[in-house]
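Readers should treat all values here as calculations from the given coordinates under stated rules, not as data from a laboratory. Here the structure is a predicted model, which is why all the values come from computation and not from measurement. Positions of Cβ are generated from backbone atoms using ideal geometry, with glycine treated the same way; all protein chains shown enter the neighbour counts.
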Amino acid sequence: MITRLLRSQSSGSVLAVDADPNSCLGLTLGAEPATTIAQVREQARTKQPSEGGTDRIRSFEYEIQQAITEAAGFDLLTMGRPEGPSCYCAVNNILRQFLDKLSSQYGFVIIDNEAGMEHLSRRTTNNVDLLCIVAEQTPLGELTARRIFALAKQLPISVNRIGIIWNRTDSLKKLDDIETFGCIPYDDAVLNAAMQGKTIFDLKENNSALAAAKKILEQKLPKVKVGGF
């Protein structure tokens with residue numbers, strides 16, 4: 001929803017990053033990635049070292065650049081997952097370094113992380129303007145949100161603002177120690193779109209969940225004028 005709302009901005013383009021090894025962001029956005037950073041990394045790992053170290057680095061960065069999928073009003077970068085029993089750490093490290101360079105080329109960089117705290121402990125990115133902890137109003141959801149909040153405070157990453165977005169509820173519950181950004185109401189149209197394999201762009205402009213996301217963006221990013229749906 002954030003990608004849909006921000007792609008109309010005239011101040012810069014949008015890069016959507018799927019940092020979840022179980023890559024599915026492209027499906028919800030209707031963009032099929034041609035390749036992933038993990039695949040590029042695996043190919044580079046199997047190549048024989050060359051004498052020109054600088055040329056090899058440039059070639060590697062070029063291949064990562066080619067992994068960016070151009071879509072209607074936004075670009076998509078998919079991390080993917082390593083093949084076999086390889087560790088995710090190297091892939092996350094590549095993504096972090098590349099994002100640091102790439103972020104200056106876009107007006108907005110939106111990173112969709114896997115559920116939980118792994119993306120923070122592995123420091124997928126170093127600088128964050130807005131960290132949205134999406135949780136449901138259950139004891140488990142609240143506990144997880146508090147843990148993510150505490151971890152973000154401990155790690156050596158720069159986060160300008162952290163808050164909770166309560167999902168699938170109209171109740172704006174507030175916690176004493178964590179800012180509440182807002183809530184996204186349950187909407188049958190969103191569920192039906194997911195069940196039918198439709199994208200976020202198939203939702204109508206008057207969709208209640210989309211309107212709630214627009215309100216949160218306008219309040220938490222006051223310098224951003226969110227355009228049409």
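Computed extension gain for A194 through K173, at 0.36 nm per residue and net of the alpha carbon distance, reaches 4.9 nm. Distance between the pseudo-spin-label points of R161 and S208 (7 Å out from Cα toward the beta carbon): 2.6 nm.
I need to check one value: relative contact order of the stretch 143-229, counting alpha carbon pairs closer than 8 Å and at least 6 residues apart, in percent. Please report the intermediate quantities before stating the final value.
Numbers: 81 pairs, mean separation 16.9, N = 87.
Averaging sequence separation for qualifying contacts and normalising by length gives 19 percent for the stretch 143-229.
Note on F201 and L27: the model spin-label points, each 7 Å out from Cα along the C-beta direction, lie 1.9 nm apart.
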